[in-house]
Amino acid sequence: MVPAAVLAAELTRRGHHVALVSDDRGVRFPGLFDGVQTHVLPAGRFSGGPVGWLKAGRKMLAGRAMAIELYRSFKPTAVIGFGGYPAFPALAAAFQLKLPTIIHEQNAVLGRVNRLAAGRVDAIATCYPDIERLKPQHERKVHLVGNPVRDAVLELRERPFPELDEDGIFRVLVTGGSQGASILSDVVPDGLALLPPHFRARLQVTHQARPEDIDGVRQRYAEHGIPAEIATYLPDLPERLAWAHVVIARAGASTIAELTAAGRPAILVPLPSATDDHQTANAREITAAGGARTIAQGAFTAQELAKQMQKLGLDTQALANAAARARQCGRPAAGSDLADLVEHIDAPSLLDRDSRRSLAVPA
């Protein structure tokens, strides 16, 4: 939802009318789409066997019919999908009405809905140079734009990597995404405890954990004598990212985009159950560039974490170099570039920015 919100804000700044089309889950994110016209459509997920597929199909057809009615009154010039099943009915309606369409893929593996739509859309916006599960015949539609991030994160790009003296505080940010990650809560406190005493004594940790894990995580940090702030939600995450020397995290699309926008070195633990193992693919570019170290979940032990932390953190210059390499992978103009693509999809009529146009963003 974040890249969709960033695009909506950029298009609105340019004078366009924007509407969000999603299911009831997609409109629950507070603050992302303030002032944006919002429409809720039914959308099912194809799971649960034949009965589940039938229910999902009925919801998709109903959602498509509702989207067609919406488009007849809203009259969008373009429809932009951000993957996921909630986007499919809105895209299907656009195909039926022959409206210009774009899909944006946040991961390094083309998602299932985007794979279904790829053959019919006018353009495919991507975030990585190499995208798996993309058919060769669709490569001509690809535009590498990156993954738009919030302004608060993008502003970190202009702030230097925090200085780190040999005896200064070493700040670690641990985040498993909006829901936390139990594997990080299980391993990170014990892994940091294995660091050499002079390194461990400098640590200051902020750890985002699941509600059910928070008490245990707090107790383990206390037992190890490591100062740590534990929370289930970090409303000031961009500021936490600003002062972090190392981030320990999953490898979701938004996490990678924020790390590379801010230029922060990381230890990444991809979620192995992610569809098509897309988090492992997401981590490859920043890891190959030297901005992160990736540890498969099966190999993510306290001992392995301590080893990788020492490689990253004990050499101040190496840490700064890793931050610079992470930053080089960032695509700070992603929001603007994606908006440019939207404006050009129906050229030349969309090139006249003095006129106000309507665009639908299914997400």
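Scan the range 243-268 for residues that are closer than 26 Å to ARG200 by Cα and open to solvent by 10 Å² or more (accessible area, probe 1.4 Å) and the total you get is 3. Applying a threshold of 9 Å to beta carbon distances and a minimum spacing of six or more residues, or different chains, the list of pairs starting in the range 206-226 at a residue that is within 20 Å of ALA306 (Cβ to Cβ) and ending at one that is assigned to a loop (DSSP other than H, G, I, E, B) and of a type in the set (Ser, Thr, Tyr) reads ALA209/THR232.
Every test in (1) under 25 Å from THR275 (Cβ atoms); (2) open to solvent by 20 Å² or more (accessible area, probe 1.4 Å) is passed by GLN204 save one, and that test is (1).
Between ARG150, ARG157, ARG171, which is among the basic types (Lys, Arg), over 29 Å from ARG72 (Cα atoms) and touching a strand residue (DSSP E or B) at 6+ places or on another chain (Cβ under 9 Å)? Just a single option satisfies the conditions, and that option is ARG171. Residues that are more than 21 Å from the chain's Cα centre (by Cα) and at pLDDT 90 or above were ranked within the range 160-184; the one that is most open to solvent (accessible area, probe 1.4 Å) is PRO160. Only a single item in (1) open to solvent by 40 Å² or more (accessible area, probe 1.4 Å); (2) closer than 23 Å to ARG202 by Cα; (3) in a helix (DSSP H, G or I) is not met by ARG327, and it is number (2). The residue of the range 202-216 that is nearest to ILE248 (Cα to Cα), among those that are touching a helix residue (DSSP H, G or I) at 6+ places or on another chain (Cβ under 9 Å) and of a type in the set (Asp, Glu), is ASP213. Is at least one residue of the range 124-134 under 29 Å from ILE214 (Cβ atoms) and surrounded by fewer than 22 Cβ atoms within 10 Å (Cβ to Cβ)? The answer is no, given that none of the residues of the range 124-134 is under 29 Å from ILE214 (Cβ atoms) and surrounded by fewer than 22 Cβ atoms within 10 Å (Cβ to Cβ). Among the numbered conditions (1) open to solvent by less than 50 Å² (accessible area, probe 1.4 Å); (2) under 30 Å from ARG240 (Cα atoms), the only one that ILE80 does not meet is (2).
Residues being under 29 Å from PRO148 (Cβ atoms) and not charged (D, E, K, R) are entirely absent from the range 218-229.
Looking at ARG240, ARG250, ARG284 in this structure, which one is in contact with a Ser or Thr (Cβ under 9 Å, 6 or more places away or on another chain), more than 19 Å from VAL6 (Cβ to Cβ) and modelled with pLDDT under 95? Selected residue: ARG240, the only one of ARG240, ARG250, ARG284 that is in contact with a Ser or Thr (Cβ under 9 Å, 6 or more places away or on another chain), more than 19 Å from VAL6 (Cβ to Cβ) and modelled with pLDDT under 95. Note on the range 185-298: enclosed strands (runs of 3 or more DSSP E) holding 2 or more residues that are among the small types (Gly, Ala, Ser) are 228-231.
The values are calculated or read from the model by the stated rules, or taken from the named source; none is laboratory data. All of these numbers come straight from a predicted model, not from anything done at the bench. Quick reminder, even Gly has a Cβ in these numbers, built from the backbone with ideal geometry, and neighbours come from all protein chains shown. These accessible areas exclude ligands, DNA and RNA; they are computed on the full protein's heavy atoms, side chains included. Shrake-Rupley method; radii C 1.70, N 1.55, O 1.52, S 1.80 Å.
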